[in-house]
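The values are calculated or read from the model by the stated rules, or taken from the named source; none is laboratory data. For clarity, every value in this text was computed on a predicted model and none was experimentally measured. Don't worry about glycine lacking a Cβ; one is built from the backbone with ideal geometry, like all the others, and counts go over all protein chains shown.
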Amino acid sequence: MNSKIKNLLLSIPVLCFVFTSCSKNDDITEEPKPEPTISNIEVGLHNNEIGVVGEDFHFNAEVLAGDLLDNVTINLVQKSEETYTEEWTFEIVFTERITGLKNATLHRHFDIPAEAPKGTYDFVITVKDQNGTSIEEIRNINLIDASDYPEVNPHVSVFGIDKIDVDGKSGFNNFYNNDAFKNPDAAFFNKDESIWSALQIGSIKGDGIMYGLLIKKSHNHKPENIEQIDFSKAIVTEVVEHTGEEEVFTLKNNRDTGHWNYGLALKIGALEDNNLLETNAINWENGTYYYGVVYTNITYNRSIFKYIEFEIKGF
């Protein structure tokens, strides 16, 4: 056999191997990088979404990195549908006690610049990860003068939960209180235990409605005002309404129970919830649930909300 032909034939399998290997490499896709998350956001004092021009502003959030945190940026951006006295933007970047950590609690205060035009803005929160990913969440902020600060300023002044066990005794006194679980290792409810909450909304008057809600996390439903509530997804522990209140007061969910501090109990597994306005059948399932309070002041068009989450078991 001609030596040139022999060498050519010997090279063919090698070339095929190279081509095959390249083809297989082309099919390999990189795994998506994990993204950071953000929760428990407070924009303004009591999460009231109000900033006073030229004064201190409160911001709080829990951030968790996909890998390690890089920074958190806040931007105030004028809305296209709003009118302002002049164009203006604001940005502040937080890195101190954040960069290089897996998770962090941001409790930050900064001044709203004195030159900021009044009005409603997008409050844009961006969490950046060192792996190149980021997440963005947008809330509202209303910039006002100190003289414009509202007398009616709804805020969640009390948010507590007790667990009533199957025998009717309080299984965990203060299951949740002061922004913490009493027993983090047992932060769950079982079937036939009851949830018993103390909810209070401060600095309100006029007309308004407060709901206690239990919502399966997989529904991806966390209403921020009463108009957003989808009752096909929400289990109502209580609803308390006030009308024609002329003086500023604190609304408590014990109005219909006469108890010194607690509202209606709801058994986990009940066939119907405690909605006094309409009857809701419940499809209970195991899993993670949000429990929260949502309040809307109808007279002053102001709303407030707060949620926590825990597991429900036994179904």
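Worth pointing out:
- Qualifying residue in the stretch 231-253 (condition: surrounded by 15 or more Cβ atoms within 10 Å (Cβ to Cβ), among the β-branched types (Val, Ile, Thr), modelled with pLDDT of 95 or more and within 19 Å of the chain's Cα centre (by Cα)): yes
- Index of the failed condition, Asn153 passing every other in (1) modelled with pLDDT of 90 or more; (2) under 22 Å from the mean Cα position of the chain (by Cα); (3) buried (at least 19 other Cβ atoms within 10 Å of the Cβ): (1)
- Sole residue being assigned by TED's automatic domain parsing to the domain that holds Leu276, among the aliphatic types (A, V, I, L, M), within 22 Å of the chain's Cα centre (by Cα) and surrounded by fewer than 21 Cβ atoms within 10 Å (Cβ to Cβ), chosen from Ile226, Ile215, Ile161, Ile195: Ile226
- Of the residues making up the stretch 184-206, just one is farther than 17 Å from Ile308 by Cα and of a type in the set (A, V, I, L, M, F, W, C), namely Ile204.
- Of the strands (runs of 3 or more DSSP E) contained entirely in the stretch 39-140, those carrying at least 2 residues that are hydroxyl-bearing (Ser, Thr, Tyr) and touching a residue at least 12 places away in the same chain (Cβ under 8 Å) fall at 119-129.
- Flag set for Ala270, criterion: outside any strand (DSSP E or B) and within 30 Å of Asp185 (Cα to Cα).
- Answer residue from the stretch 254-295, given it is more than 23 Å from the chain's Cα centre (by Cα) and among the charged types (D, E, K, R) and is surrounded by the most Cβ atoms within 10 Å (Cβ to Cβ) among those: Asp273
- Listed by first and then second residue, the pairs linking a residue in the stretch 215-238 that is among the small types (Gly, Ala, Ser) to a residue that is surrounded by 18 or more Cβ atoms within 10 Å (Cβ to Cβ), with Cβ atoms under 7 Å apart and 6 or more places separating them unless they lie on different chains, are Ala234/Leu213; Ala234/Ile215.
- Test: residue in the stretch 57-66 that is more than 20 Å from Ile308 (Cα to Cα), in contact with a strand residue (DSSP E or B) (Cβ under 6 Å, 6 or more places away or on another chain), surrounded by 14 or more Cβ atoms within 10 Å (Cβ to Cβ) and polar (S, T, N, Q): no
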